[in-house]
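Read through the structure below, which is laid out as structure tokens, and then see the notes.
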Amino acid sequence: MFVLLMVQQILRKILSQLTRISIVVVIETNQPVPLEGKNMKQRILIIGSGFAGMWAAVGAARLAHLQGSNELEITVLSPQPELRVRPRFYEANVASLTADLRPLFEALDIRFIAGSADRVEPQENQVWYRNAQAKMISIAYDRLVLAGGSQLHSFGVKGIAEYGFDIDQLETAQRLETHLNALPTQPDSPARNTVVVCGGGFTGIELATELPSRLKAMLGANTNAKIVVVERGSVVGGQYSEALREVIRTACDELGVEWRLNTGVEVVDATGVTLQDGSRIDAATVIWTAGVKACALGESIVAERDAQGRFIVTPELQIPGHPNIYATGDMAHAKTDDLGNTALMTCQHAIQLGKFAGHNVAASLLGDTPLPYRQVNYVTCLDLGAWGAVYTEGWDQQVKLVREEAKKLKIAITNELIYPPKPNRDEAFAAADPLAKFV
């Protein structure tokens, strides 16, 4: 009897310990192992934490909150839990131009996974990504939002990768800043004091007009700094209205920014550039701003794309033929209105595209009504360095503000309006309403 009692006590002790033990099975294999299966909730997976990705997550959380639903898991997959304020990368101190998204995501119960998406498998409803340890992992989804943004397109120009600079990503903008800060250590020469900006679009103009004051601050006020914009078009600011072009020309003339029109860059080397018209510019700094293309993620998805690689989406931002997948931001070719205007690859459109995508992807799971993406209002606020700025309204770009007044508005937009909302549910959800006035 004593032995039997001892055995019972031992069994009871073992059983009590088992209730507190989790059994983990580790499988070693040379093949990637799916570790992120489906749980009881329906998962919305958002790839990217840029303007479109962040607002898609907040927008989806908003609709779930309004519905009183606890059925959704909203997950953001991105290398870092931060918003990189890309429209400001032409400025100095670029390392400071980020916003931590962790407080916002925690306040809204948005899950974050650190990793880089590698490929989408639409038939299996899963995405493969590399985690911080470079291991391949798969994650299943019920709905997928592609918000991977865009990247620089150099069109295969010889030497640009080896000798050129850009401000497309935070790391490359930091590399340019490090290079510029080191210029004073080089011997004074025309080449050291010359910067060539390849491309006269929005980014090229903002960078070119910002550089005179930056170079003079680094090299000395009496230094003959030279900024040259190389542009294939025949006029300054050719894609803009005549009124806006006139302001750009005036600002460039006063700042001493030169334009080389009707030609492109043929070759970039260690000491400058050779242009397609055969001329040569000696320069220690050559910066490429001439084009972007949509993120290549989703190449396995059979769907129509535009010339920039963007998915041509439905008004609800779904990819035709793939009802579980949405594209937004720079990955979406979407009509902004009934006049045929198309969203541009800009922060202004990415923010609203993200809000609509978040609402619609959550609505598709919660049985709510989707909202066709519309963004009728269009404005332009172009920074022009020490000269000031210019603000226009409408697709015909009617100039409304210039110089100091426009500069104040530009600073308000880029330093406040486009930043993430505070980690407060009411404020964040109010800002994420796709039908609320934005601009």
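The values are calculated or read from the model by the stated rules, or taken from the named source; none is laboratory data. Everything quoted here is computed from the prediction, not taken from an experiment. Cβ sites come from the backbone with ideal geometry, for glycine too, and all protein chains shown count toward neighbours. The protein model used for the area step is the full one, side chains on, heavy atoms only, and it has no ligands, DNA or RNA in it. Shrake-Rupley method; radii C 1.70, N 1.55, O 1.52, S 1.80 Å.
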Antiparallel DSSP beta bridges within the chain, percent to nearest 5 = 50
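Express the carbon and sulfur contribution to the solvent-accessible surface of the chain as a percent, rounded to the nearest whole number, probe 1.4 angstrom.
On the way: 11090 of 20900 Å².
Of all accessible area on the chain, carbon and sulfur atoms account for 53 percent.
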ask   = Who wins for biggest fluctuation among Val230, Val302, Val120 in a Gaussian network model of the chain, springs between alpha carbons below 10 Å?
value = Val302
task = Have a look at Ser364, Ser279, Ser154 and tell me which one the Gaussian network model of the chain (Cα, springs below 10 Å) gives the largest fluctuation.
result = Ser279
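How much accessible area per residue does the stretch 224-331 have, counting only protein heavy atoms and a probe of 1.4 Å, in square angstrom?
Numbers: 4650 Å² over 108 residues.
Value returned for the stretch 224-331: 43 Å² of accessible area per residue.
If R₀ is 30 angstrom, what is the calculated FRET efficiency for the pair Asp368 and Asp396, using the beta carbon separation as r and rounding to 0.05? Present the calculation step by step, with values, prior to reporting the outcome.
Working: r = 36 Å, r/R0 = 1.20.
That pair, Asp368 with Asp396, gives E of 0.25.
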query = Hey, what did the stretch 87-229 get for relative contact order, percent, Cα under 8 Å, at least 6 apart?
reply = 20
ask   = When the Cα centres of the stretch 90-120 and the stretch 248-300 are compared, how far apart do they sit, in Å?
value = 30
Probe 1.4 Å, all protein chains present, accessible-area order of Met136, Met331, Met40, largest first = Met40, Met136, Met331
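Find, to one decimal place in angstroms, the Kirkwood hydrodynamic radius of the chain, where the mean of 1/r is taken over every pair of different Cα atoms and then inverted.
Working: mean 1/r = 0.0417 Å⁻¹.
One decimal place: 24.0 Å for the Kirkwood radius.
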request  = Please arrange Lys226, Lys407 by accessible surface area, largest first, computed with a 1.4 Å probe and ligands excluded.
outcome  = Lys226, Lys407
request  = Keeping all protein chains in place, calculate the accessible area per residue for the stretch 147-186 (probe 1.4 angstrom), answer in Å².
outcome  = 50
message = Can you give me the distance in nm between label points at Gln308 and Asn341, each placed 7 Å from the Cα along the Cα-to-Cβ direction?
response = 1.5
query = To the nearest 10 degrees, how steeply does helix 242-255 sit against the main Cα axis of the chain, on a 0 to 90 scale?
reply = 70
ask   = Once you put a point 7 Å from the Cα of Thr263 and another 7 Å from the Cα of Glu171, both along the Cβ direction, what distance in nm separates them?
value = 3.4
task = Note the angle between two axes, namely the Cα long axis of helix 170-182 and the longest principal axis of the Cα atoms of the chain, as a number of degrees from 0 to 90, rounded to the nearest 10.
result = 40
message = In Å², and per residue, what accessible area does the stretch 349-439 have when probed at 1.4 Å with the other protein chains present?
response = 44
key: Rounded to 10°, Cα long-axis angle of helix 2-18 versus longest principal axis of the chain   = 20
request  = Extending each Cα 7 Å along its Cβ direction at Asn70 and Thr98, get the distance between those two points in nm, one decimal.
outcome  = 3.5
